[in-house]
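Heads up, the thing below is written out as structure tokens.
Where a number appears in this text, it was derived from the coordinates with a stated rule and is not lab data. This structure is a prediction, so every number in the text was calculated from the model and none was measured. Positions of Cβ are backbone-derived with ideal geometry, glycine not excepted, and every protein chain shown enters the neighbour counts.
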Amino acid sequence: MARCRASRSSWTAATVRTASASIRRASCAAWRLRTLQGDELVSDDEVYLNEIAELVGKRSYEMVTLSPGEHVFPFACDLPFELPATFTGSYGNVSYLVKVVIQADRNEPVHREPCITTNVFMVESRLPLEGMASHLNSYRIDYKHPIKTSALTTGSNSIKVSLFMPRRAYDIGDNIFVNLNLINSSRKVVRSMSIALVMEVEYRVRGRVNTERLIVTTTRTSMWCDNRRTDSGATWG
């Protein structure tokens with residue numbers, strides 16, 4: 001639930017005709033696509049949430065006279081659970097803002113224009129892990145990289161890497177533990193190894209798709225591995 005308050009300060013009395021507050025969630029995506037005819041701008045904007053609360057003036061004849069000083073109008077809005085988190089990327093963003101509009105009586109010459117105030121706020125979304133049983137199982141990836149050798153070389157010549165994670169899904173604030181096993185069956189010497197946590201973002205605009213990959217964090221380990229097995233791990237939190 002988002003809880004906010006709208007306030008108005010004035011040195012003189014004023015008659016308010018309407019006062020409304022709205023919480024808005026909007027997303028936009030844009031990038032340039034090279035075609036045979038030249039560069040094409042691919043863009044789109046969508047509004048997924050636009051909750052409006054009438055603080056004053058719920059009826060057309062209702063007006064409120066505000067005395068000099070500060071006046072506070074509290075209001076609250078239930079945010080849907082499935083809302084995405086605030087995000088800013090190279091090709092798009094998801095943003096949330098609260099907007100307050102106060103319109104004084106038009107008969108007052110000094111208050112004819114509405115008073116508009118906006119403020120951006122952040123939303124952090126959490127995964128419903130209790131309903132994602134399949135994503136709580138352990139996760140393993142095996143990769144084998146062959147090494148080019150001469151025709152006179154015999155035996156196995158490859159580097160095999162196995163990556164293990166205790167589960168697939170993580171919530172905000174969780175520690176992510178990764179264990180990596182390396183089996184070097186080649187004549188090559190592995191001197192270092194790095195593991196990176198990468199966030200992949202997919203933008204979709206009118207049938208067009210653009211993918212962005214961002215390195216969130218990385219760790220590098222110095223080692224000496226020749227014809228043997230090495231275990232290494234990394235933890236992010």
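Annotation for residue 48 and residue 162: the two label points, set 7 Å from Cα along the Cα-Cβ direction, are 3.9 nm apart. Remark: the residue 196-residue 93 segment gains 34.7 nm on full extension, using 0.36 nm per residue and subtracting the alpha carbon distance. When you filter the GluC sites (Glu not before Pro) in the range 19-103 for DSSP loop state and at most 13 other Cβ atoms inside 10 Å of their Cβ, you are left with 62, 82.
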